[in-house]
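Okay, so here's the structure we're looking at.
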Amino acid sequence: MKTALIILNYNDADRTADLVGKVSDYPSLDDIVVVDNGSTDDSAGKLSALAGGHIHLIGRDANGGYAKGNNTGLLYVLKKLKSEVVFFANPDVFFTDGTVSAMTEALNDHPEYACVAPLVNQGYNVWHLPGFSGILISLFLFAFTFEKMAVRRKIEQSSESLVPVGVVEGSFFAVRADAMKEVRGFDERTFLYSEEIILSYRLRSKCYLTGVLPKERYDHLHSASIKKIYKSSKAAAFHHFRDSFRIYNKYYLKTTPLQDKIFDLCWKLGYWERKLYDILK
């Protein structure tokens, strides 16, 4: 299966170039597409030196967020490269060629799965596809962490090579290209957060499964690029969390006005929980 890796950059050229340098000679990756998402620093100039051969550079005029940026790369992959499996990676991750091969093989062997990911070495990258109560839980830092811990523990106890899950984190995963085309990629109404949840919802609506490979791992310096902008604050970027989940609630869960009020109240409580976390940290 022909593969392509999309790396989304925003004001993080050094980390992006480092990842490209580490994975550019992987036999399991046919093409690497770097999308500069309207960076306001010198990223475009630094990244231009990478372009050539199987490494492609695309520039956007403005930062449209995770969904728009990755959809730009996806459209290029679908039209120009004709890839069958598309990998999406943040600049702050690292994975081996063996893991890429295992992910591609899983999609090849299991056509019922459209999206797969390894387990992350740092923290948790898998959770349930949330209904409304799940959305409320995800607003609270510690409650959501405990949920992800429980999901991971169950996965690690499984003897299966591929385990169905609700959602895999957007930092690193692979998707079948034809499935991405069928669900029209990421929802561009979001800017940051919940993109992977909406994608999983869209895939499930087309009867595709999302899965994780328990024996495979990758490294993730969690939100390193985001922290450059928001100064390591848990609360600073939380308004994007609210805005994205309002979209998920409205267009996918079809929430009622009362549920929307409950969500807004819980968001405020979650915001102050994160403010307290930032102070204590």
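Couple of notes before you dig in:
- Length-normalised contact order for the chain - Cα pairs under 8 Å, 6+ apart - percent: 21 percent
- The chain - share of DSSP beta bridges that are antiparallel (%, nearest 5): 40 percent
- Relative contact order (percent, whole number), segment 39-198, Cα cutoff 8 Å, 6+ residue spacing: 35 percent
- For segment 112-120, 3J(HN,Hα) per residue [Karplus equation, 6.51 cos²θ - 1.76 cosθ + 1.60, θ = phi - 60°, Hz, x = Gly/Pro]: 6, 9, 9, 9, 9, 8, x, 8, 7
- Charges were assigned to the Cβ only: +1 to each Lys and Arg, -1 to each Asp and Glu. The resulting dipole of the chain about its Cα centre is roughly 940 debye.
- Put in line by how crowded their Cβ is, counting other Cβ atoms within 10 Å and starting with the fewest, 272, 127, 267 read 272, 267, 127.
- Residues 243, 31 arranged by fewest to most Cβ contacts within 10 Å: 243, 31
- Bridging of residue 46 to lysines at a Cα separation below 30 Å is possible for 2, 22, 68, 79, 80, 82, 227, 228, 231, 234, once same-chain residues fewer than 8 apart are set aside.
- In plain terms, the residue of 115, 266, 207 with the fewest other Cβ atoms within 10 Å comes first and the most crowded comes last, giving 207, 266, 115.
- Listed values (1) 15.2; (2) 16.0; (3) 14.0 include one computed from this model; for mean projected area of the Cα convex hull in nm² that value carries the label (3).
- A dipole drawn for the chain from +1 and -1 charges on Cβ atoms has a positive end, and of 118, 258, 144 the residue lying farthest that way is 258.
- Ordering 171, 28, 236 by Cα displacement along the dipole of the chain toward the positive end leaves 236 in first place; charges were set at the Cβ atoms of Lys, Arg (+1) and Asp, Glu (-1).
- Amide H contacts of residue 84 (H built 1.01 Å from N, under 5 Å, at least 5 apart or other chain): 2, 3
Read-outs throughout are calculated quantities, based only on the coordinates presented, and are distinct from any laboratory measurement. The structure displayed is predicted, hence computed values, not measured ones. Don't worry about glycine lacking a Cβ; one is built from the backbone with ideal geometry, like all the others, and counts go over all protein chains shown.
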